[in-house]
1. Evaluate the following for Ser206: is it in a helix (DSSP H, G or I) and either more than 18 Å from the chain's Cα centre (by Cα) or at positive phi (or both)?
2. Hey, does the stretch 57-65 have a residue that's within 19 Å of the chain's Cα centre (by Cα), small (Gly, Ala, Ser), surrounded by 17 or more Cβ atoms within 10 Å (Cβ to Cβ) and not in a helix (DSSP H, G or I)?
3. Condition first: more than 13 Å from the chain's Cα centre (by Cα) and in a loop (DSSP other than H, G, I, E, B). Now tell me which residues in the stretch 79-97 satisfy that.
4. Check Leu210, Leu215, Leu139 and return the single one that is of a type in the set (A, V, I, L, M), surrounded by fewer than 18 Cβ atoms within 10 Å (Cβ to Cβ), out of contact with any helix residue (DSSP H, G or I) (no Cβ under 7 Å at 6 or more places or on another chain) and within 24 Å of Gly363 (Cα to Cα).
5. Looking at (1) in a loop (DSSP other than H, G, I, E, B); (2) of a type outside the set (Phe, Trp, Tyr); (3) out of contact with any helix residue (DSSP H, G or I) (no Cβ under 9 Å at 6 or more places or on another chain), which is the only condition Leu176 fails?
6. Among Ser189, Ser175, Ser152, which is out of contact with any strand residue (DSSP E or B) (no Cβ under 7 Å at 6 or more places or on another chain) and buried (at least 16 other Cβ atoms within 10 Å of the Cβ)?
7. Say we look at the stretch 4-18 and pick out the residues that are outside any helix (DSSP H, G or I) and out of contact with any strand residue (DSSP E or B) (no Cβ under 8 Å at 6 or more places or on another chain); which of these is farthest from Glu89 (Cα to Cα)?
Amino acid sequence: MAKSLFLSREVKVYVEFDGKFWEMPVLDGFSFSQGTNTTEVTIAEMADSSNNSRRGRIAFNDSLNPVEWSFSTYARPTVVNTKHRAPEEVLWAMMAGASNYDGTEAVNIFDDGATTPVPVVKTTSTTSLDINFDGSNKLEFGAANIYFGFPSNDGSATDADVYYKCTGSVVNEASLSFDLDGITTIEWSGMATKLTEGTVPDFGTSNVNLVQHGLNSTSNFIRNRLTQLTLSTADNHLTTDADNNIDAYSLVLTGGNISISNNISFITPSSLGVVNTPLGHVSGTRSVSGSFSCYLSGDTRGSAELMEDLLNASTIVQNQFSLQFNVGGVSNPKLEIACPHAMLEIPSHSVEDVISVEVNFHGLPADIADTDEVTVKYFGS
């Protein structure tokens, strides 16, 4: 008997970028959809001599919204042939403005496609997988195709796999949350121009175009409980030390998060008589923000002292801190997220059995035209 239902736990997700396919192990809760904009025409008139009044309505399809997709992945740094890689490296490349991928053994690098290419994801390093936004000052980003596949899985020749294809996909936002007991997870969301029912992706002879890194490994997951924060100020007038030294704060986290957004929007024409489809996307303001929480501690250079410094500096137009999350601690596998020019808000208290504070921050560039709000590094095991 042919299988009539498809199960989300059997899903296969592939990202096609510059002729290559990355298999993406996703978590429960993924979604993809495309809505329709309609216009309704109604009639409102008084009654005629026979007490009749037309009361009908008619609807028209005006345009299709961009496809909206989202899914979550674990951050899984791994080492392949002495090089640091990750299954989700292609999503970071799309996020950071890449449009090309050189997949030769000697290079393996994503760049922005300029005449003089700017690397945005370096997978060549034997030390780390480096992600930067040096090539992200682009109006349009390199697009990819994302396939959501639901296997028939019953061995029947009459029951084929079902694949849905999000054509022209771009990554709009990446969000990381690190709580005490979880595994480091990245929530990805974005848009695409078109949703169609497709076929099985063509990976080439012997899957030559299929990239699979660390999918079967059990040693490349990152534990949030080991996360550490390095925080120091670049403004010596924020410190309360008698000698006015610039020192690092000593904070032990209880949780935190960071979000990176491209604020992408799609352009759709509005011609009459046709169902208009999105033409393409444009990038908006690059935004980096987040928060971290810890107990209120009176230790030297602890959270109470940070609170005091920020309160004393409440009249400063723009404070500046160097902030680095060592997600997973100091040993590999781990993930480093650095905001060298972060601006902190005054912490808020949470009154529970143990008093804690939460600090919101904004990752800013050194100059408004720069692209150094944030850098990300993966260290595989």
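1. Yes: the conditions hold for Ser206.
2. If we filter the stretch 57-65 for residues that are within 19 Å of the chain's Cα centre (by Cα), which is where we start, we get none.
No, the stretch 57-65 has no match at all.
3. Kept after step one, since they are more than 13 Å from the chain's Cα centre (by Cα), are these residues of the stretch 79-97: 79-87.
Passing the criteria: Asn81, Thr82, Ala86, Pro87.
4. On the way: Leu210 fails: within 24 Å of Gly363 (Cα to Cα); Leu215 fails: within 24 Å of Gly363 (Cα to Cα).
Result: Leu139 is the single residue among Leu210, Leu215, Leu139 that is of a type in the set (A, V, I, L, M), surrounded by fewer than 18 Cβ atoms within 10 Å (Cβ to Cβ), out of contact with any helix residue (DSSP H, G or I) (no Cβ under 7 Å at 6 or more places or on another chain) and within 24 Å of Gly363 (Cα to Cα).
5. With respect to (1) in a loop (DSSP other than H, G, I, E, B); (2) of a type outside the set (Phe, Trp, Tyr); (3) out of contact with any helix residue (DSSP H, G or I) (no Cβ under 9 Å at 6 or more places or on another chain), Leu176 is out only on (1).
6. Details: Ser189 fails: out of contact with any strand residue (DSSP E or B) (no Cβ under 7 Å at 6 or more places or on another chain); Ser175 fails: out of contact with any strand residue (DSSP E or B) (no Cβ under 7 Å at 6 or more places or on another chain).
Only one candidate passes the filter, namely Ser152.
7. Going residue by residue through the stretch 4-18, those that are outside any helix (DSSP H, G or I) are 4-7, 11-18.
After this cut, where a residue has to be out of contact with any strand residue (DSSP E or B) (no Cβ under 8 Å at 6 or more places or on another chain) as well, the list is 4-5.
Numbers: Ser4: 35, Leu5: 32 Å.
Across the stretch 4-18, the extreme among qualifying residues is Ser4.
Let's see how each residue does on (1) on the phi < 0 side of the Ramachandran plot; (2) at pLDDT 85 or above; (3) outside any loop (DSSP other than H, G, I, E, B):
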| site | (1), (2), (3) |
| --- | --- |
| Asn153 | no, no, no |
| Cys166 | yes, yes, yes |
| Val170 | yes, yes, yes |
| Met191 | yes, yes, yes |
| Leu215 | yes, yes, no |
| Asp241 | yes, no, no |
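The values are calculated or read from the model by the stated rules, or taken from the named source; none is laboratory data. Worth saying up front: this structure is predicted, and the values here are computed from it rather than measured. Every residue, glycine among them, receives a Cβ derived from its backbone with ideal geometry; neighbour counts consider all protein chains shown.
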